[in-house]
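The values are calculated or read from the model by the stated rules, or taken from the named source; none is laboratory data. The shown structure was predicted, so the numbers you read here are calculated from the model rather than taken from an experiment. For neighbour counting, all protein chains shown are included, and Cβ atoms are generated from backbone atoms with ideal geometry for every residue, glycine included. Side chains are part of the model used for accessible areas, which takes the heavy atoms of the whole protein and leaves out ligands, DNA and RNA. Shrake-Rupley method; radii C 1.70, N 1.55, O 1.52, S 1.80 Å.
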Amino acid sequence: MAEELDVAPDRITFAHPHDLLTALIIDAYDASATAMEEADLAARERQAGPGGRLLAAARGLRQWSITNPVEFALIYGSPVDGYDAPPETVPPAARTPAVLAGIVRAALEEGALEPPRRPVPGPPLIRQEAVEVFGGLPPEPYSDLLERGIVLWSNLIGLLVFEVFSRTHDSVRDQGAFFDYAIAVTAEHIGLTVPAGDTD
């Protein structure tokens, strides 16, 4: 007689390994975005300006990434061969840039941005989906703010990739201080000042 398997009634099963992968990716995106959102909320509650909010949110994502390197690698590492992420991964993935967009939009509304010194030449370089996430095209002289915001987003993820995958450990003495400095430098490119010595 074949042995029966004792399966817990609340155990989740997946019809295909890709279904499991999708669930893990969604969980990772949601958890990382929640870390950013909670850090931003805490910054707002202590009356931090947009620069302080940006640093806090970035630190929140950094802390999650360092604590959860496997999950970080799943969503920001090498693509899984043969796997195409389904549409249900898009809303969780969009939460991270949405946090950044909210902070940048608040900076624009509060007059906390410096006009760009090097506007993007020619027509806009961003897709309509990015415009919708931001809530519309910014007015002049900030018409290229969305392009700059995407640079900010990609720089943030790039910083974390370098740290989590140990690309800067042989060249950077203080990873946390370097991260804060890099966020401040990157923020300058969208016209936002991150206060020196801002703490969580």
Do we find a residue being open to solvent by 50 Å² or more (accessible area, probe 1.4 Å), part of a helix (DSSP H, G or I), of a type outside the set (V, I, T) and at pLDDT below 95 anywhere in segment 25-42? no
Restricting attention to segment 136-167, the residues that are farther than 28 Å from R117 by Cβ, open to solvent by less than 40 Å² (accessible area, probe 1.4 Å) and of a type outside the set (A, V, I, L, M) number exactly 1
Among the residues of segment 104-123, are any β-branched (V, I, T), out of contact with any Pro (no Cβ under 9 Å at 6 or more places or on another chain) and within 26 Å of D30 (Cβ to Cβ)? no
Conditions (1) part of a helix (DSSP H, G or I); (2) at pLDDT below 90; number of the one not met by S65: (2)
Does D174 satisfy being open to solvent by less than 90 Å² (accessible area, probe 1.4 Å) and not basic (K, R)? yes
For E114, all conditions in the list (1) open to solvent by 70 Å² or more (accessible area, probe 1.4 Å); (2) among the acidic types (D, E); (3) in contact with a Phe, Trp or Tyr (Cβ under 8 Å, 6 or more places away or on another chain) hold save one; what is the number of the exception? (3)
Single residue of segment 43-62 satisfying the filter (in a helix (DSSP H, G or I) and of a type in the set (K, R)) that is farthest from V161 (Cα to Cα): R44
Of the residues T186, T193, which is in contact (Cβ under 8 Å) with a residue 24 or more places away in the chain, open to solvent by 70 Å² or more (accessible area, probe 1.4 Å) and either polar (S, T, N, Q) or under 18 Å from I103 (Cα atoms) (or both)? T193
For residues that are at pLDDT below 90 and aliphatic (A, V, I, L, M), scanning just segment 76-96, find the one that is surrounded by the fewest Cβ atoms within 10 Å (Cβ to Cβ). V80
Within segment 97-108, which residues are within 11 Å of the chain's Cα centre (by Cα) and surrounded by fewer than 18 Cβ atoms within 10 Å (Cβ to Cβ)? A98
